[in-house]
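Trainee: First the structure, which I've put down as structure tokens, then a few questions once you've had a look.
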Amino acid sequence: MAQQPPAMAVTFKVNGKAQALMLDTRTTLLDALRDHIGLMGTKKGCDHGQCGACTVLVNGTRINSCLSLAVMHEGDAVTTIEGLGTPEQLHPMQAAFVKHDGFQCGYCTPGQICSAVAVLEEIRAGIPSHVQGDVGTAPEMSLPEMRERMSGNICRCGAYSNIAEAMAEVAGVRIAETHGAQSDAGAEA
Amino acid sequence: MKFDTPAGTNPIDTMKVIGQAVDRVDGKLKTTGQAPYAYEHGEIPGKPAYGYIIGAAIAKGRIAAMNTAEAKRMPGVLAIVSAENAQPLGKGSMNTAKLLGGPVVEHYHQAVAVVVAESFEQARSAANAVRIEYERGAGRFDLVKEKPGAQPLTGNDADTHTGDFAGAFASAPVQVDQTYTTPDQNHAMMEPFATIAWWDADALSVWTSNQMIAWNKRELAATFKLPPEKVHVRSPFIGGGFGGKLFLRADAVMAALGAKACGRPVKIAMPRPLMLNNATHRPATIQRIRLGATRDGKLTAIGHESWSGDLPGGGPESATQQTKLLYAGANRLTALRLAELDLPEANAMRAPGEAPGLMALEIAIDEMAEKLGMDPVKFRVLNDTQVDPEHPERPFSQRNLVRCLEEGADRFGWNRRSAKPAQMREGRWLIGMGVAAAFRNNINMTSAARVRLAGDGVVTVETDMTDIGTGSYTIIAQTAAEMMGLPVEKVRVKLGDSSFPASAGSGGQWGANSATSGVYAACAKLRDMAAQSLGMDPASAEFSDGRVRAGNRSAALAEAAKAGELVAEETMQWGDLGKKFQQSTFGAHFVEVAVDSYTGETRVRRMLAVCAAGRILNPKTARSQVIGAMTMGVGGALMEELAVDKRFGFFVNHDLAGYEVPVHADIPHQDVVFLDEADDKVSPMKAKGVGELGLCGVGAAVANAVYNATGVRVRDYPITLHKYLAKLPAIA
């Protein structure tokens, strides 16, 4: 037998619960969540940071969990889709996705919802984006901003139009106003 | 139950539940991460091992040697299975290339081995240590080069001739004769191929991700030379398919081989970079379209020829399908030619045939309308037909294409479009509008279901039907609820299990109508049983509000199962109404684009689809099908293309970074309108499909809008800016 691969201990919190794991150092945060902790809600679409299905919140910031090794997260607080809400008690974003049918096959959905929750916070926090007219001013809570910031989360079923409506509802943005404010993508609803 | 005469009035017509925009019954599971997909099931016998598939590094040739010595010594490795040591495998009837290659390699990334280890990381690492020596053979990878040798086909794909096409085209006062190309495309569903497989003696069980459970069971049995009853396939949630998961694929075969080798369940998710060459794809086409018309805009000659390629033994992309049926015209020709190519296997992707066919035909129609000086909506309306033009004795069961076009034009503000291209500007943006017809046939498939009425009044539906995001769970619950007079909450739906009655499955936009018809048939039987159990006349019993009423008697439905569960199983079979009547779905797509006059960047600003597809079972999930298809259509028009390496024979951009699909920022708000229809010739549900209709024609509507914006006609998809940037109008 060849030498065993190096293992390393890591402790972090997932959805508020402490986890102490001994992991092959090659294990991604995504695979640690799925195969070692058993939280299958976070999805593996590409394993290369190209699709966004594995999006989780680490210390409140969204990341692609497939691009991050688990052992890099000592002491971190990870929130996954299971931590946002349950079927009995949906997070407002989850409820809005159901209401607006912001998904079809459902495979990208946990990542979309984690991203959507984070995006609204990012806009509120004034983090600039590519579609902002003036990065010196606060970004608007608008559909073009949301669409731009969500563009790392691919939905091949094509639920984008409905996801935008779900996010607008949670953000308290009136759709008609938002459509009117679209800069380059178009003027009409 | 056999459907062989047009449907009369039936309980579905009540439309208390059917036709309502019910939220998905599986919505809470999917949005909270609780819906288990293939790789995620915990209900397996024992601790699973992990498999990692190795794909061939050549497109054609042989494996000269496979050295697994180093890999076998690596930590955690349990087994390495290749053609060298695998049991002899049969081949399913629906696969063109073998799912386990070697020593002969038929295409790039054909699976040639699986490494099984205690962990995913160990399996992946050991797979990288397997050394394979290849003898590269000469392959054919260029459709243009192979086109002259392409062969005609028989059966449904045979040439069709009506009237005198050559004569009518030659003498037509107005002609269009153009060639269009569409590229190879990939389904790129979000969930990769994935399977957990295990053996119990000589019985094989899989959790997998597959659209067609009964086919999958049959093909697994054929591959492993088992009687079908020894195979159990389960696929309750499927992370997208679009035709890519119609067939048995390498993940299931390699997981089963690995499980046999190590005596444990083996789980495999195919790595994304392997997916695009290992999987099937929609093949590229070269399409020549010739149209002849009178000066007042009547089509007199319609000719459509299409060339595509596939591996030896494969099939064509039937891109001429819609041209047989979409427009009137006395003189017609369609022809498919198939070349042999050694690229990965070609097969069905959402709306096979019509999707690329309409991308070409509906540009040609736009070109003809322009030559005639006619509005493209009016030109299409003028050439509508209510009968099958090749067989005028066959009427359409229902055809409201004209209403789709006219109502769409009205809603979209089509009258604001400038007939002359490159006239509308908003600052730096060139604005254009485009229209295209949508057309896709309705197909009915045999579909069975079992329904159970329990003593608590809950009805459970069991069928091997799949929900690939289409909403099957929801519309089946609605069907059973309507039939039994219950609210949706009183119905449980169990899908995707080969131990349940075999359904239509999900494909060809046949799923919704066929599978709900199977449930209708089973519920009709259950109604009779319930009425009899209550001592009521089955013929006059009415089911509503959880009660059964006949004459002056009334009882709770649950009462019927008080003495024990009632179970009814029935199969919906189809007579010859599909032969007597052409059953199709129709639509009109309207698109507005803005093209940056400086950079050539194209943005889709508005999209509208008006669809005529029979009764809409759930307007919420049906609308989602259509907007999703419209999104895929934007991809096909503007970005999607598998880039062929013609020297080495593979798709270069084989991951989700290289194969570009639409993202949030590419897609505007989308509008969908369904005409209020019920087609009594198609089924007791009076419904047809929408999942593929929504894609049909979108690409051409985008292309026509880009032309209207810029005056540059691109006939080579996708319409990427290098094809038109140099030709854009001069910047003032």
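The values are calculated or read from the model by the stated rules, or taken from the named source; none is laboratory data. Fair warning: this is a prediction, and the values are worked out from it, not measured in the lab. All Cβ positions, glycine included, derive from the backbone under ideal geometry; neighbour counts span all protein chains shown.
Trainee: State yes or no: is B:ARG527 within 28 Å of B:LEU29 (Cα to Cα), within 37 Å of the chain's Cα centre (by Cα) and of a type in the set (D, E, K, R)?
Mentor: Taking the combined requirement at face value, the residue does not satisfy it.
Trainee: Could you look through the range B:193-230, keep only residues that are assigned to a loop (DSSP other than H, G, I, E, B) and surrounded by fewer than 24 Cβ atoms within 10 Å (Cβ to Cβ), and pick out the one that is farthest from the chain's Cα centre (by Cα)?
Mentor: Per the stated criteria, the residue is B:ALA201.
Trainee: On the basis of being in a loop (DSSP other than H, G, I, E, B) and either assigned by TED's automatic domain parsing to the domain that holds B:ARG647 or farther than 20 Å from B:TYR717 by Cα (or both), does B:MET349 make the cut?
Mentor: On the way: in a loop (DSSP other than H, G, I, E, B): yes; either assigned by TED's automatic domain parsing to the domain that holds B:ARG647 or farther than 20 Å from B:TYR717 by Cα (or both): yes.
So B:MET349 passes the test.
Trainee: Looking at the structure I just gave you, is B:ARG380 crowded, with 24+ Cβ neighbours inside 10 Å, part of a helix (DSSP H, G or I) and more than 14 Å from chain A (Cβ to nearest Cβ)?
Mentor: Yes: the conditions hold for B:ARG380.
Trainee: Could you identify the single residue in B:ALA665, B:ALA657 that is out of contact with any helix residue (DSSP H, G or I) (no Cβ under 9 Å at 6 or more places or on another chain) and at the interface with chain A (Cβ under 9 Å from one of its Cβ atoms)?
Mentor: Exactly one residue qualifies, and that residue is B:ALA657.
Trainee: Determine, yes or no, whether B:LEU248 is out of contact with any Phe, Trp or Tyr (no Cβ under 6 Å at 6 or more places or on another chain) and assigned to a helix (DSSP H, G or I). Before the answer, list the steps.
Mentor: Working: out of contact with any Phe, Trp or Tyr (no Cβ under 6 Å at 6 or more places or on another chain): yes; assigned to a helix (DSSP H, G or I): no.
The answer is no for B:LEU248.
Trainee: For B:GLY46, only one of the following conditions fails: (1) closer than 25 Å to B:GLY313 by Cβ; (2) of a type outside the set (Phe, Trp, Tyr); (3) part of a loop (DSSP other than H, G, I, E, B). What is its number?
Mentor: (1)
Trainee: Please verify whether the range B:523-543 includes one or more residues that are surrounded by fewer than 17 Cβ atoms within 10 Å (Cβ to Cβ) and in a strand (DSSP E or B).
Mentor: yes
Trainee: For the range B:10-28, which residues satisfy the criterion of being aliphatic (A, V, I, L, M) and buried (at least 20 other Cβ atoms within 10 Å of the Cβ)?
Mentor: B:ILE12, B:VAL17, B:ILE18, B:VAL22, B:VAL25, listed by residue number.
Trainee: Still on this structure, I have one more. Would you say B:LEU675 is in contact (Cβ under 8 Å) with a residue 60 or more places away in the chain and within 28 Å of B:THR280 (Cα to Cα)? Spell out the reasoning first.
Mentor: Numbers: in contact (Cβ under 8 Å) with a residue 60 or more places away in the chain: yes; within 28 Å of B:THR280 (Cα to Cα): no.
For B:LEU675, the condition - in contact (Cβ under 8 Å) with a residue 60 or more places away in the chain and within 28 Å of B:THR280 (Cα to Cα) - is not met.
Trainee: Tell me, please, whether a residue that is over 34 Å from the mean Cα position of the chain (by Cα) and over 30 Å from B:GLY51 (Cα atoms) can be found in the range B:130-152.
Mentor: No, the conditions are met nowhere in the range B:130-152.
Trainee: Still on this structure, I have one more. Among the residues of the range B:668-692, write down those that are away from every other protein chain (no Cβ under 14 Å), under 18 Å from B:GLY518 (Cβ atoms) and of a type outside the set (D, E, K, R).
Mentor: B:VAL682, B:SER683, B:PRO684, B:MET685, B:ALA687, B:GLY689
Trainee: May I ask you to verify whether A:GLY85 is within 8 Å of chain B (Cβ to nearest Cβ) and at pLDDT 95 or above?
Mentor: yes
Trainee: Something else about it: Name the residue, out of A:MET167, A:MET141, that is more than 8 Å from every other protein chain (Cβ to nearest Cβ) and more than 20 Å from A:THR55 (Cα to Cα).
Mentor: Selected residue: A:MET141, the only one of A:MET167, A:MET141 that is more than 8 Å from every other protein chain (Cβ to nearest Cβ) and more than 20 Å from A:THR55 (Cα to Cα).
Trainee: Looking at the range A:88-138 only, could you name the residues that are within 8 Å of chain B (Cβ to nearest Cβ), in a loop (DSSP other than H, G, I, E, B), of a type in the set (A, V, I, L, M, F, W, C) and free of Cβ contacts under 8 Å to residues at least 24 places away in the same chain?
Mentor: A:LEU90
Trainee: What single numbered condition from (1) closer than 30 Å to B:GLU542 by Cβ; (2) away from chain A (no Cβ under 13 Å); (3) assigned to a loop (DSSP other than H, G, I, E, B) fails to hold for B:ALA86?
Mentor: Failing condition for B:ALA86: (1).
Trainee: In the range B:140-150, is there at least one residue being assigned to a loop (DSSP other than H, G, I, E, B), in contact (Cβ under 8 Å) with a residue 40 or more places away in the chain, under 23 Å from B:LYS260 (Cβ atoms) and not assigned by TED's automatic domain parsing to the domain that holds B:ASP342?
Mentor: So in the range B:140-150, the residues assigned to a loop (DSSP other than H, G, I, E, B) come out as B:140-142, B:150.
Those still in the list that are in contact (Cβ under 8 Å) with a residue 40 or more places away in the chain too: B:140-142, B:150.
Adding the requirement that they be under 23 Å from B:LYS260 (Cβ atoms) leaves none.
Among the residues of the range B:140-150, not one is assigned to a loop (DSSP other than H, G, I, E, B), in contact (Cβ under 8 Å) with a residue 40 or more places away in the chain, under 23 Å from B:LYS260 (Cβ atoms) and not assigned by TED's automatic domain parsing to the domain that holds B:ASP342, which makes the answer no.
Trainee: Another question, then. Looking at the range B:716-732 only, could you name the residues that are buried (at least 16 other Cβ atoms within 10 Å of the Cβ) and part of a loop (DSSP other than H, G, I, E, B)?
Mentor: B:TYR717, B:PRO718, B:ILE719, B:THR720, B:TYR724, B:LEU728, B:PRO729
Trainee: Just to be sure, is B:GLY46 crowded, with 24+ Cβ neighbours inside 10 Å and over 15 Å from B:ILE268 (Cα atoms)? Spell out the reasoning first.
Mentor: Numbers: crowded, with 24+ Cβ neighbours inside 10 Å: no; over 15 Å from B:ILE268 (Cα atoms): yes.
When the stated conditions are applied, B:GLY46 does not pass them.
Trainee: Determine, yes or no, whether A:ASP24 is under 26 Å from B:ALA38 (Cα atoms), within 10 Å of chain B (Cβ to nearest Cβ), in contact with an Asp or Glu (Cβ under 6 Å, 6 or more places away or on another chain) and buried (at least 22 other Cβ atoms within 10 Å of the Cβ). Give the steps one after another, and end with the answer.
Mentor: Details: under 26 Å from B:ALA38 (Cα atoms): yes; within 10 Å of chain B (Cβ to nearest Cβ): yes; in contact with an Asp or Glu (Cβ under 6 Å, 6 or more places away or on another chain): yes; buried (at least 22 other Cβ atoms within 10 Å of the Cβ): yes.
Criteria met by A:ASP24.
Trainee: Across the range A:48-66, what is the total count of residues that are within 7 Å of chain B (Cβ to nearest Cβ) and surrounded by 24 or more Cβ atoms within 10 Å (Cβ to Cβ)?
Mentor: So the count comes out to 2.
Trainee: Is it the case that the range B:232-253 has a residue that's over 27 Å from A:GLY158 (Cβ atoms), buried (at least 24 other Cβ atoms within 10 Å of the Cβ) and within 14 Å of chain A (Cβ to nearest Cβ)?
Mentor: Looking through the range B:232-253, none of the residues is over 27 Å from A:GLY158 (Cβ atoms), buried (at least 24 other Cβ atoms within 10 Å of the Cβ) and within 14 Å of chain A (Cβ to nearest Cβ).
Trainee: Of A:LEU39, A:LEU69, which residue is surrounded by fewer than 24 Cβ atoms within 10 Å (Cβ to Cβ) and over 17 Å from the mean Cα position of the chain (by Cα)?
Mentor: One residue alone meets the criteria, A:LEU69.
Trainee: For the range B:586-635, which positions are among the β-branched types (Val, Ile, Thr) and not in a strand (DSSP E or B)? Break it down stepwise before answering.
Mentor: At the first step, the residues of the range B:586-635 found to be among the β-branched types (Val, Ile, Thr) are B:591, B:593, B:595, B:599, B:602, B:604, B:610, B:616, B:621, B:626-627, B:631, B:634.
Across the range B:586-635, the qualifying residues are B:THR599, B:ILE616, B:THR621, B:VAL626, B:ILE627, B:THR631, B:VAL634.
Trainee: Another question, then. Take the residues in the range B:395-422 that are part of a loop (DSSP other than H, G, I, E, B) and not small (Gly, Ala, Ser); name whichever of them is surrounded by the fewest Cβ atoms within 10 Å (Cβ to Cβ).
Mentor: Across the range B:395-422, the extreme among qualifying residues is B:LYS420.
Trainee: Which of the residues spanning the range B:271-282 are surrounded by fewer than 24 Cβ atoms within 10 Å (Cβ to Cβ) and part of a loop (DSSP other than H, G, I, E, B)?
Mentor: B:PRO271
Trainee: Inspect the range A:141-149 for any residue being surrounded by 15 or more Cβ atoms within 10 Å (Cβ to Cβ), at negative phi and not in a helix (DSSP H, G or I) and give the result as yes or no. If you could, list the steps in order and put the result at the bottom.
Mentor: Within the range A:141-149, the subset surrounded by 15 or more Cβ atoms within 10 Å (Cβ to Cβ) is A:141-149.
This time we only want the ones that are at negative phi, so: A:141-149.
Of the ones still in play, those that are also not in a helix (DSSP H, G or I) are A:141-142.
Yes - at least one qualifying residue is present in the range A:141-149.
Trainee: Quick one: which residue in B:TYR37, B:TYR52 is within 13 Å of chain A (Cβ to nearest Cβ) and under 27 Å from the mean Cα position of the chain (by Cα)?
Mentor: Sole residue among the options that is within 13 Å of chain A (Cβ to nearest Cβ) and under 27 Å from the mean Cα position of the chain (by Cα): B:TYR37.
Trainee: Looking only at the range B:585-600, decide whether some residue is crowded, with 24+ Cβ neighbours inside 10 Å, polar (S, T, N, Q), within 26 Å of the chain's Cα centre (by Cα) and within 25 Å of B:MET1 (Cβ to Cβ).
Mentor: yes
Trainee: (1) in a helix (DSSP H, G or I); (2) in contact with a Gly (Cβ under 6 Å, 6 or more places away or on another chain); (3) more than 24 Å from B:GLY508 (Cβ to Cβ): which one isn't true of B:ALA259, the others all being true?
Mentor: (2)
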